[in-house]
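Undergrad: Shown below is the structure under consideration.
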Amino acid sequence: MMAEEQTEPSTSGTQSLNTHPTLETPPSMKDKDLSDLDSTDEETPNKDQTNDNDDKINNTDTTDNIIDSEKNKNKNDEKNSSETVSVDKTNNSLTTENNNDLNDTEDDNQIEDEPDTQASEKDPKLEVMELEEKSKDVETATPADISYPMTRFQILKNLAVVSLGFFCLFTAFISISNLQTSLNIDDGVGPGSLSIIYGALVLSCMFLPPFIIAHLGCKWTIPLSMIGYVLYMGANMHAIWALMAPAAVLLGLGAAPLWSAKCTYLTQTGVWYAQMTGQSKDAVINRFFGIFFMTFQASQISGNLVSSLVFSQNNTDLNLSNDMLQRCGANFDPRIHSNNTNLVRPDADRVYIVCGVYLGFAVLAAIIVILLLDKLPIEKDKDAKPSFSLLISTFRHLATSPAQMLLIPLTVYSGVEQAFFAGDFTRSYVTCSLGIWNVGYIAICYGIVDAFCCYTFGRLVQYVGHIPFFILAAILHGCAQVVMLLWTPDPSVIYVYYVLAALWGMGDAVIQTQINALYGLLFTDNTEAAFANYRLWESVGFIFSFAYNDYIPTYIKLYVCMGALSVGMAGYSAVEFLQRNKSSKSYNISD
């Protein structure tokens with residue numbers, strides 16, 4: 001619009017020049033004179049040519065002399081060509097013929113000034129173009145004068161604070177979870193508390209996160225949710241139902257708001273950082289979450305290392321008889337009392353040290369967030385209330401989606417296999433034959449392989465698709481389960497324990513990454529309800545696995561794992577068949 005307005009004055013001037021030749025030419029003007037004038041319109045005159053034209057005009061009658069006098073005035077004001085037009089106002093006595101001649105004479109003056117006029121017409125256009133380019137730069141670039149709630153340094157600092165806080169928190173929780181079936185075996189307190197945690201987590205996911213975040217904001221939701229973890233660490237010092245059960249409920253209720261607030265915080269700050277740096281939002285957010293989970297997975301190393309180092313001081317050379325070893329592994333039965341000293345709860349002092357260290361890590365996590373994490377300035381809906389909408393949409397999605405129903409067994413297996421490693425492999429195989437102090441070392445191997453494969457398989461899936469990875473997971477876990485079912489644990493071949501842990505971690509990496517990716521691919525139109533179903537059915541696998549942990553032998557649990565894996569893979573195969581059939585039909589319709 002600015003360019004159009006700048007060009008309008010020159011256009012109107014051109015029109016006024018073109019209208020004058022339609023008037024009658026004064027009789028005193030000769031054809032030769034007119035031809036001379038016309039030639040000056042076609043060619044850009046120099047100063048000598050202009051003087052020749054002036055001499056010709058001076059040879060005309062009295063009217064032409066008057067015009068010459070006006071022309072001489074215009075020459076004196078040559079630098080301001082626009083003022084020549086004002087001569088008309090001071091010479092109202094001129095006749096129509098004189099006015100026509102005057103206009104013709106003005107043509108000469110305008111022609112004489114044409115280079116300057118053209119230059120003056122170019123300058124505004126260039127200026128307008130420059131202004132438009134600058135305005136585009138302001139819209140697309142991220143200049144320093146644009147205000148953001150946080151600086152780049154603050155965003156990166158907060159990313160580090162959130163990552164460090166979760167590192168400290170899950171250094172405690174992941175490690176204490178791996179010890180529950182070995183440390184707190186009296187009355188089934190350990191596995192029972194884990195079952196309660198995941199039951200409370202399901203309820204929390206359905207109701208609490210939006211309500212709590214809306215009222216407290218992301219910053220204060222995180223340390224508040226950590227309180228349940230702190231209480232659970234403290235309850236492990238004196239593991240009885242009266243303490244462990246309430247702490248497990250609080251931990252489960254706080255887990256969903258904790259993770260939701262973390263996701264919201266990292267996503268929003270990632271968007272701001274992308275706008276500041278001119279990078280892709282998707283790339284920055286994925287980088288932020290990659291840094292977070294790299295730090296998060298490192299907590300498996302630190303936490304399990306603590307338990308192994310502390311309990312290793314209680315290590316003595318134990319020569320287990322073949323009869324005792326035969327009762328480990330698949331033949332382990334938690335209902336039968338055994339004289340195996342490896343299964344005896346460690347000294348209270350060692351337990352207090354381990355639980356005290358974990359409690360310190362959990363408290364440190366809350367302190368780090370409270371003191372160092374900046375508030376996320378997002379609008380809060382203080383009128384928000386707990387809603388049943390997600391619960392309703394979750395079950396509506398389940399009832400209306402055949403693919404979701406077919407994926408239930410595989411999703412349940414995701415919880416079953418994680419619970420088997422944390423609850424049964426650590427006790428029936430590692431603690432029973434090697435001692436509780438080796439649980440941490442083998443869990444470290446599991447965690448490192450799991451984290452590495454999660455990253456690697458997540459990158460490779462775009463090249464080979466989901467099917468080869470699910471086949472790989474079925475082979476890895478199927479082979480590991482057969483070996484566990486047939487193999488009698490033997491401390492003399494300790495590498496077998498690490499190989500089994502690595503294979504289980506590799507298979508778990510496939511299952512965790514690919515099921516999440518599959519849900520995102522299949523249910524793009526209803527992702528919230530779909531992932532609510534994912535959390536629900538995975539938690540069901542955790543709940544039942546920990547609930548029956550102390551009541552059936554390990555070989556039956558292995559059969560449960562094999563059955564869940566087989567049915568889960570069958571359901572997944574049916575989903576792939578339906579999707580391919582659906583794709584082929586849509587392809588034929590498009591043809």
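Undergrad: Mind ordering 521-529, 405-413 by average Cβ neighbours within 10 Å, highest first?
TA: Ranked by mean Cβ neighbours within 10 Å, highest first: 405-413, 521-529.
Undergrad: Give the value in nm², to one decimal: projected area of the alpha carbon convex hull of segment 401-471, averaged over all directions.
TA: Spelled out: convex hull of the Cα atoms, projected over all directions, averaged, 6.1 nm².
Undergrad: Ranked by accessible surface with a 1.4 Å probe, highest first, in what order do M484, M569 come?
TA: M569, M484
Undergrad: Just need log10 I(q)/I(0) for segment 200-345 at q = 0.10, 0.15 Å⁻¹, Debye formula, equal scatterers on the alpha-carbon atoms, no solvent, rounded to two decimals.
TA: Scattering profile of segment 200-345, log10 relative to I(0): -0.60, -0.98.
Undergrad: Report the Rg/Rh value for segment 484-591, based on alpha-carbon coordinates and the Kirkwood definition of Rh.
TA: Reported Rg/Rh (Cα atoms, Kirkwood Rh): 1.09.
Undergrad: Which value in Å is the Kirkwood Rh of segment 265-343 over different Cα pairs?
TA: This gives a value of 17.3 Å.
Undergrad: Something else about it: Once the whole set of protein chains is in place, how much accessible area is left on W487, using a 1.4 Å probe, in Å² to the nearest 10?
TA: Number for this one is 50 Å².
Undergrad: Read phi for every residue in segment 184-190 and hand back ³J(HN,Hα) as whole Hz from Karplus 6.51 cos²θ - 1.76 cosθ + 1.60, θ = phi - 60°, with x for Gly and Pro.
TA: 10, 9, 5, 6, x, 5, x
Undergrad: How big is D, in µm² s⁻¹, for segment 241-303 by Stokes-Einstein at 25 °C and 0.890 mPa s if Rh is the Kirkwood radius over C-alpha pairs?
TA: So the translational diffusion coefficient is about 177 µm²/s.
Undergrad: Also: Residue by residue through segment 299-307, which ³J(HN,Hα) values in whole Hz follow from phi under the Karplus form 6.51 cos²θ - 1.76 cosθ + 1.60 (θ = phi - 60°), with glycine and proline marked x?
TA: Coupling constants for segment 299-307: 5, 5, 5, 5, x, 5, 5, 4, 5 Hz.
Undergrad: Then there is this: Whose amide H sits under 5 Å from the amide H of H466, counting only residues 5 or more places off or on another chain, with H placed in the peptide plane?
TA: none
Undergrad: Treating only the Cα positions of segment 451-509 as identical point scatterers, give the base-10 log of I(q)/I(0) from the Debye formula at each q in 0.12 Å⁻¹.
TA: -0.34
Undergrad: Moving on. Using only C-alpha atoms and all pairs of different ones, pull out the Kirkwood radius for segment 153-253 in Å with one decimal.
TA: For segment 153-253, the Kirkwood estimate is 14.6 Å.
Undergrad: How much net charge surrounds S321 when only the other residues with a Cβ under 13 Å from the Cβ of S321 are counted, with Lys and Arg +1 and Asp and Glu -1?
TA: -1
Undergrad: Taking the highest mean first, how do the peptides 255-266, 446-457, 329-340 order by number of other beta carbon atoms within 10 angstrom per residue?
TA: Final packing ranking: 255-266, 446-457, 329-340.
The values are calculated or read from the model by the stated rules, or taken from the named source; none is laboratory data. Treat the numbers as computed from the prediction; the structure is a model and nothing was measured. Because the Cβ atoms are built from the backbone with ideal geometry, glycine has one as well, and the counts that use them run over all protein chains shown. Note: accessible area is taken over every heavy atom of the protein model, side chains too, but ligands, DNA and RNA are not part of it. Shrake-Rupley method; radii C 1.70, N 1.55, O 1.52, S 1.80 Å.
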